[in-house]
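Step one of this worksheet: look at the structure below.
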Amino acid sequence: MTGNSRPPAPSRVLIIKPSSLGDVVTALPVLRALRRTFPRCRVLWMLSATCAPLVEGDADLDGVVLFDRRRLGRAWRSPGALLDLERFLRGLRKQRFDWVIDLQGLFRSGFFAWASRAPVRAGFADAREGARMFYTHSIRVSAAHAIDRNIELAGQLGIDASREDLRLTVATDARAFADETFRRLGLKRGGFVACVPPTRWSNKRYPARHWRAVAAGLSKTAPVVLLGADGDRDLCDAIADGSPRVANLAGRTTVPQFAAMIACSALVICSDSAAQYIATAVGVPALTLIGPTRVERTGPYGRGRALTAPVPCQGCLKRRCRHATCMELISPAEVLAAAEAMLDQERR
């Protein structure tokens with residue numbers, strides 16, 4: 001760790017990890033450990049409006065600082081957005097944070113840490129886009145996985161974080177929604193498989209025809225529930241393909257309800273997406289189908305398992321690809337065999 005040695009205990013802390021549900025879940029160990037290490041500390045989290053509902057009612061969190069990336073990102077060309085940015089920065093300074101922990105590691109997040117004027121601004125030494133120039137504590141970590149990196153950074157600040165701190169609290173009303181959904185669909189808690197086809201990168205998506213074969217195969221032994229956002233309804237309709245034991249809930253859940261459905265499933269099958277981390281954080285095993293990303297960095301955690309194709313370009317980290325062979329070559333038969341093995345292990 002460059003900069004001063006371990007900083008004095010804080011009274012007010014801001015966590016910066018604003019967007020991507022998966023990223024937010026990977027930061028949960030830092031939140032849990034902050035509350036345990038500094039029980040009287042006030043902890044806030046900078047979050048997008050999309051991600052905030054996942055954690056804003058959490059007992060370990062005192063509040064959220066809403067971050068509108070689209071609006072504030074137009075500040076350089078819109079006078080109105082520039083005024084909004086100025087108000088946002090004034091609001092940060094008024095909070096008088098003692099610590100700001102930047103787990104995002106980009107220029108924007110580093111700038112916000114600096115703009116807060118917090119005396120302690122911590123982040124990763126290998127942060128991208130020059131973000132480290134905004135930190136008072138630039139922390140080197142050796143871990144590869146995103147979750148372990150966050151835990152290691154916290155530890156070097158004197159925060160007692162561990163793998164067991166990856167826990168997500170599902171809101172009571174979201175659990176009630178899940179219970180009502182079970183009654184309506186004739187499902188039982190822990191008696192269905194949740195499949196989550198969508199991802200943010202197009203080349204991380206498992207082909208729809210493969211998903212259709214997986215859902216049809218699984219539905220012979222257990223009901224299948226398809227989950228996704230509103231824009232994923234057509235994709236999931238094509239995967240369900242009229243099967244009476246495959247229910248499409250894409251676009252029919254809020255973020256907390258999405259988490260509640262995962263929490264009540266027996267197994268989650270997904271590409272590299274937030275679903276795999278939500279599953280782990282609520283105690284459900286996840287089978288993750290991985291192509292352009294790397295298992296050791298963002299793969300499944302805990303009781304999860306990854307499937308990859310034996311191609312030399314696997315893990316290329318490219319966001320676009322003309323062929324996405326790494327996903328095409330993960331066969332539905334392989335997915336079904338792995339899923340059945342994991343379900344059998346859970347039944348024992």
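Counting neighbouring Cβ atoms within 10 Å and putting the fewest first, the residues HIS210, HIS145, HIS323 line up as HIS323, HIS145, HIS210. Taking amide hydrogens as placed 1.01 Å from N in the peptide plane, the amide H of ALA306 sits under 5 Å from those of THR288, each at least 5 positions away in sequence or on another chain.
The aspartates and glutamates within cross-link reach of LYS188, meaning a Cα-to-Cα straight distance under 16 Å and a gap of 8 or more places when in the same chain, are ASP179, GLU180, GLU346.
Dipole check for the chain: with +1 at the C-beta of Lys and Arg, -1 at the C-beta of Asp and Glu, and the Cα centre as origin, the magnitude is about 780 Debye. Residues considered: ARG117, ARG140, ARG184. Largest GNM mean-square fluctuation over the chain, using C-alpha springs under 10 Å, is found at ARG184.
Restriction of the GluC sites (Glu not before Pro) in the stretch 113-206 to DSSP coil positions whose beta-carbon has at most 15 other beta-carbons within 10 angstrom yields GLU129.
Using only alpha carbons, the chain has a radius of gyration to Kirkwood radius ratio (Rg to Rh) of 0.99. As an equivalent ellipsoid, the stretch 298-348 spans semi-axes of 26, 14, 7 angstrom, where each value is the square root of five times an eigenvalue of the C-alpha gyration tensor, largest first. The reciprocal of the average 1/r between distinct C-alpha atoms defines the Kirkwood hydrodynamic radius, which for the stretch 12-165 equals 15.5 Å.
Database remark: amide H of LYS318 closer than 5 angstrom to no amide H (H placed geometrically; neighbours at sequence offset of 5 or more, or on other chains; Pro and chain starts carry no H).
Classify the stretch 223-269 as rounded, prolate or oblate, taking a ≥ b ≥ c as the square roots of the eigenvalues of its Cα gyration tensor: rounded when a/c is under 1.5, otherwise prolate if a/b is larger than b/c and oblate if not.
oblate
Near the amide H of VAL65, within less than 5 Å, lie the amide hydrogens of TRP45, MET46, LEU47, all on another chain or at least 5 residues away, with H placed in the peptide plane.
Note on the chain: with a GNM built from Cα contacts shorter than 10 Å, the maximum mean-square fluctuation among ARG205, ARG167, ARG87 falls on ARG87. The gain in end-to-end length when the ALA9 to ALA238 segment is fully stretched comes to 77.1 nm, 0.36 nm per residue minus the alpha carbon separation.
Each of THR253, GLY304, ALA238 was placed along the dipole of the chain (beta-carbon charges, centred on the mean Cα), and the one lying farthest toward the positive end is THR253. Here the 3J(HN,Hα) profile of the stretch 204-220, calculated from phi with Karplus coefficients 6.51, -1.76 and 1.60 at θ = phi - 60°, is 8, 6, 6, x, 4, 5, 5, 4, 4, 5, 5, 4, 5, x, 5, 5, 6 Hz, Gly and Pro shown as x. Computed on the Cα atoms alone, the convex hull of the stretch 172-347 gives a volume of 106 cubic angstrom per residue.
No lab work stands behind these numbers, since they all come straight from the coordinates. Keep in mind it's a predicted model, so treat the numbers as computed, not measured. Virtual Cβ from ideal backbone geometry, glycine too; neighbours counted across all protein chains shown.
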